[in-house]
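A.B. asks: Dropping the structure in here first, questions after.
The values are calculated or read from the model by the stated rules, or taken from the named source; none is laboratory data. Since we're looking at a predicted model, the values are computed, not measured. Every residue, glycine among them, receives a Cβ derived from its backbone with ideal geometry; neighbour counts consider all protein chains shown. Accessible surface areas use protein heavy atoms only, side chains included; no ligands, DNA or RNA. Shrake-Rupley method; radii C 1.70, N 1.55, O 1.52, S 1.80 Å.
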Amino acid sequence: MTTRSTEYEMRGYNHIAMVCADMQKTVDFYEGVLGFPLVKTLEFPGGSGQHFFFQVTEDDGIAFFWFPKAPPAAPGIASAPWGRTDEFGNRIPGLAGMSAPGSMHHLAFDVPLEKMDEYKQKLQDAGVEVTEINKHILYGPDGKQAASRDQLPADAEMVDEFINSLYFTDPDGIVLEFAAWVRPLGDEDVKHQPRTAADAEALHAGRQPAGATV
């Protein structure tokens, strides 16, 4: 299925701009580890900042600002938090929890499905903390999710594996993902009513949102 804007001629997203604390570490990671060529650098007047651009594909890029007076990072507010602790006190790396409206929760790069194991090993060889491959398998009428086939109940019904993911972070803790679609998406994949700010208010007040399934 080919999908694209019905209103504008789009050729990708040009670039996504984020903020780093150390531009040298950012260059070392995005160009040195991920292999994105550094294609443009800007220096702001009076030492007030920098803006560097990396190329991801022919049409898509990623850019970073560096500001010497930037406020501190706020994982869980400005971006997704990383890692959690299990019931035994062991730290488990991975995408964890929510972030605030207006934030960039995490950034996913599209990669070939058959390369996932190879890319996981390459990241580990480069010293990057990376998760296991998450299979994102939905099962049952209410859409419960399992990370791998061995987590599925024996009587699981309506099993749907639609995307595989690897999660890791950059030097500033920005959560990144290597993602690969497992199957083509179709009209049947769009089947939920969008929730609203009023739904959030109802849940905060302990009420069932309008139209919610009980």
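A.B. asks: Test of understanding: in a Gaussian network model of the chain with alpha carbons linked when under 10 Å, which of M158, M23, M116 would top the mean-square fluctuation ranking?
C.D. replies: Maximum among the listed residues: M158.
A.B. asks: Right, here's the next one. Which whole-number percentage describes the relative contact order of the stretch 153-192, with Cα contacts under 8 Å and a sequence gap of 6 or more? Working shown, then result.
C.D. replies: Working: 30 pairs, mean separation 13.6, N = 40.
Relative contact order comes out at 34 percent.
A.B. asks: May I ask you to list the GluC sites (Glu not before Pro) in the stretch 74-154 that are in a DSSP loop and have at most 14 other Cβ atoms within 10 Å of their Cβ?
C.D. replies: E87, E129, E132
A.B. asks: With a 1.4 Å probe and every protein chain kept in, tell me what percent of the accessible surface of the stretch 124-165 is carbon plus sulfur. Write out the running numbers ahead of the final one.
C.D. replies: Details: 1200 of 2580 Å².
Carbon-and-sulfur percentage of accessible area, whole number: 47.
A.B. asks: I would also like to ask the following. Find how much the distance from A197 to E157 grows on full extension, using 0.36 nm per residue of separation minus their present alpha carbon separation; answer in nm with one decimal. If you can, show how the numbers build up before the last one.
C.D. replies: Numbers: separation 40, 0.36 × 40 = 14.40 nm, distance 3.25 nm.
Separation in residues times 0.36 nm, less the Cα-Cα distance, equals 11.2 nm.
A.B. asks: Could you list the chymotrypsin sites (Phe, Trp or Tyr not before Pro) in the stretch 41-94 that lie in coil according to DSSP, counting only those with at most 16 other Cβ atoms within 10 Å of their Cβ? Provide the component values of the computation, followed by the final result.
C.D. replies: Values: sites: F52, F53, F54, F64, F65, W66, W82, F88; in loops: F88.
Passing both the DSSP loop test and the Cβ count: F88.
A.B. asks: Sticking with this one: Among DSSP bridges having both ends in the chain, what percentage is antiparallel? Round to the nearest 5.
C.D. replies: Values: 28 of 40 bridges.
Of all bridge pairs located within the chain, approximately 70 percent are antiparallel.
A.B. asks: Just the number: Rg to Rh for the stretch 90-180, Cα atoms, Kirkwood Rh, two decimals.
C.D. replies: Values: Rg = 14.4 Å, Rh = 14.5 Å.
Result for the stretch 90-180 is an Rg/Rh of 1.00.
A.B. asks: Can I ask one more? Tell me, what ³J(HN,Hα) does each residue in the stretch 20-31 have, in order and in whole Hz, if you take phi through Karplus 6.51 cos²θ - 1.76 cosθ + 1.60 with θ = phi - 60° and put x for Gly and Pro?
C.D. replies: Per-residue couplings from phi come out as 10, 8, 9, 5, 5, 5, 5, 5, 4, 7, 6, 8 Hz.
A.B. asks: State whether the stretch 133-214 is rounded, prolate or oblate according to the following rule on the C-alpha gyration tensor (a ≥ b ≥ c being the square roots of its eigenvalues): a/c under 1.5 gives rounded; otherwise a/b larger than b/c gives prolate, and the remaining case gives oblate.
C.D. replies: Numbers: a/c = 1.91, a/b = 1.26, b/c = 1.52.
Here the stretch 133-214 falls in the oblate category.
A.B. asks: With a 1.4 Å probe and every protein chain left in place, work out the accessible area per residue of the stretch 1-99 in Å², rounded to a whole number. It would help to have the intermediate numbers written out before the result.
C.D. replies: Values: 6810 Å² over 99 residues.
For the stretch 1-99, the solvent-accessible area averages 69 Å² per residue.
A.B. asks: Now for a different question. For the chain, with a Gaussian network of springs between Cα atoms less than 10 Å apart, report the residue from G186, G32, G140 with the top mean-square fluctuation.
C.D. replies: Highest fluctuation among the options: G186.
A.B. asks: Test of the criteria: in the stretch 21-70, which GluC sites (Glu not before Pro) are in a DSSP loop and have at most 12 other Cβ atoms within 10 angstrom of their Cβ? Mind showing how you got there, number by number?
C.D. replies: Working: sites: E31, E43, E58; in loops: E58.
Passing both the DSSP loop test and the Cβ count: E58.
A.B. asks: Restricting to lysines 8 or more places apart or on different chains, can you count the pairs in the chain with Cα atoms under 20 Å from each other? Spell out each step's value before the answer.
C.D. replies: On the way: K25/K40; K25/K69; K25/K122; K115/K135; K120/K135; K122/K135; K135/K144; K144/K191.
The number of close lysine pairs in the chain is 8.
A.B. asks: Shifting gears a bit: Classify the stretch 2-45 as rounded, prolate or oblate from the Cα gyration tensor: take a ≥ b ≥ c as the square roots of its eigenvalues, call it rounded if a/c is under 1.5, otherwise prolate when a/b beats b/c and oblate if not. Before the final figure, lay out each step's value.
C.D. replies: Numbers: a/c = 3.05, a/b = 1.96, b/c = 1.56.
It comes out prolate by the Cα gyration axes.
A.B. asks: Using only alpha carbons, build the gyration tensor for the stretch 41-162 and give me the equivalent ellipsoid semi-axes, biggest first, whole Å. Before the final figure, lay out each step's value.
C.D. replies: Values: eigenvalues 241, 75, 49 Å².
In descending order, the three semi-axes are 35, 19, 16 Å.
A.B. asks: To the nearest Å, what is the center-to-center distance of the stretch 169-213 and the stretch 18-66, using C-alpha atoms only?
C.D. replies: 30 Å
A.B. asks: Here's another thing I want to ask about it. How large is the Kirkwood hydrodynamic radius of the chain, in angstrom, based on all distinct alpha carbon pairs? Display every interim value, and only then the final one.
C.D. replies: Working: mean 1/r = 0.0497 Å⁻¹.
Hydrodynamic radius (Kirkwood, Cα only) of the chain equals 20.1 Å.
A.B. asks: Using the beta-carbon distance between R91 and K69 and R0 = 30 Å, what value does 1/(1 + (r/R0)^6) give for FRET efficiency, to the nearest 0.05? Display every interim value, and only then the final one.
C.D. replies: Values: r = 32 Å, r/R0 = 1.06.
In this case the efficiency is close to 0.40.
A.B. asks: Okay, next question. Could you check which residue among G61, G83, G47 shows the biggest mean-square fluctuation in a GNM of the chain with a 10 Å Cα cutoff?
C.D. replies: G47
A.B. asks: Shifting gears a bit: List, in order, the whole-Hz ³J(HN,Hα) value for each residue of the stretch 38-49 obtained from phi through the Karplus relation with A = 6.51, B = -1.76, C = 1.60 and θ = phi - 60°; use x for Gly and Pro.
C.D. replies: 7, 10, 7, 10, 10, 10, 7, x, x, x, 7, x
A.B. asks: Could you state how much accessible area I174 has, in square angstrom rounded to the nearest 10, with a 1.4 Å probe and all protein chains kept in place?
C.D. replies: Solvent-accessible area, nearest 10 Å²: 20 Å².
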